[in-house]
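The values are calculated or read from the model by the stated rules, or taken from the named source; none is laboratory data. Because the structure is a prediction, the values reported are computed rather than measured. Here the Cβ positions follow ideal geometry from the backbone for every residue, glycine too, while neighbour counts run over all protein chains shown. When the accessible area is computed, the model is the full protein with side chains, heavy atoms only, and any ligands, DNA or RNA have been set aside. Shrake-Rupley method; radii C 1.70, N 1.55, O 1.52, S 1.80 Å.
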Amino acid sequence: MPPPLPERFYARDTVRVARALLGCILETRLRGRVTAGRIVEVEAYVGPKDPAAHGFGNRRSARNAAMFGAPGTAYVYFIYGMHWCFNVVTEREGVPAAVLVRAVEPLRGLETMRHRRGIAAPALLCSGPARLCEALGITGRLDGASLAGPKIRVLAGPARARGIVATPRIGIRRAATWPLRFVVAGSPWTSRPAPPSGAGRDR
């Protein structure tokens, strides 16, 4: 098993980190249960000038405090009064930039994931930010946690993801056309398929 990614991996441009996260492994070790999945879909939120980011205008609150933290920490927030979302903090401390992990391909601990989600279909376990948090047991207790820690970590994947496709982000009203959602082309595990005909595909 490779070691967790170092802080320097995250301490750079958010879009570069978002692309590089595709193919990496997100792993949790909670209450004696190990779950893991390969990251196949992410969205970049690029700092105080991004109208869709929680830290737009450098506005800081108790909810988004972790987003201003050190690179390589978790920013976990609650939405709609019922779902958790997991983000990777990027750039440098004090800059509210992060990458939302939207979907992973389940790899380890599938029975635990099925139990937590209450479903059996593999394709529905982690195909969406709320689903993957439930499947991997990610809650607000991990907000601000190191991504090289004992409970949650991100590991290098066996190979760099190829055929990355850029699309607009999903479910936002501001900066809705910015192409900052990145997916692994052809992956059946994403929350929404990539556009057809290779639109937005990296060459």
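Overview of values
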| quantity | calculated |
| --- | --- |
| Loop chymotrypsin sites (Phe, Trp or Tyr not before Pro), the range 60-130 (other Cβ atoms within 10 Å of the site Cβ: 14 or fewer; DSSP) | 80 |
| In Hz, Karplus ³J(HN,Hα) per residue of the range 161-167 (6.51, -1.76, 1.60; θ = phi - 60°; x = Gly, Pro) | 5, 10, x, 6, 10, 9, 9 |
| Reported label for calculated percent of Cα pairs over 21 Å apart given [x] 47; [y] 57; [z] 60 | [x] |
| The chain - percent of accessible surface contributed by carbon and sulfur, probe 1.4 Å | 53 percent |
| Accessible area per residue, Å², the range 131-189 with all protein chains present, probe 1.4 Å | 52 Å² |
| Dipole of the chain, positive direction: furthest Cα of 5, 109, 96, with charges on the beta-carbon | 109 |
| Cα-based shape type of the range 102-173, given that a ≥ b ≥ c are square roots of the gyration tensor eigenvalues and the cut on a/c is 1.5 | rounded |
| Mean separation of Cα contacts under 8 Å, 6 or more apart, over the residue count of the chain: relative contact order % | 27 percent |
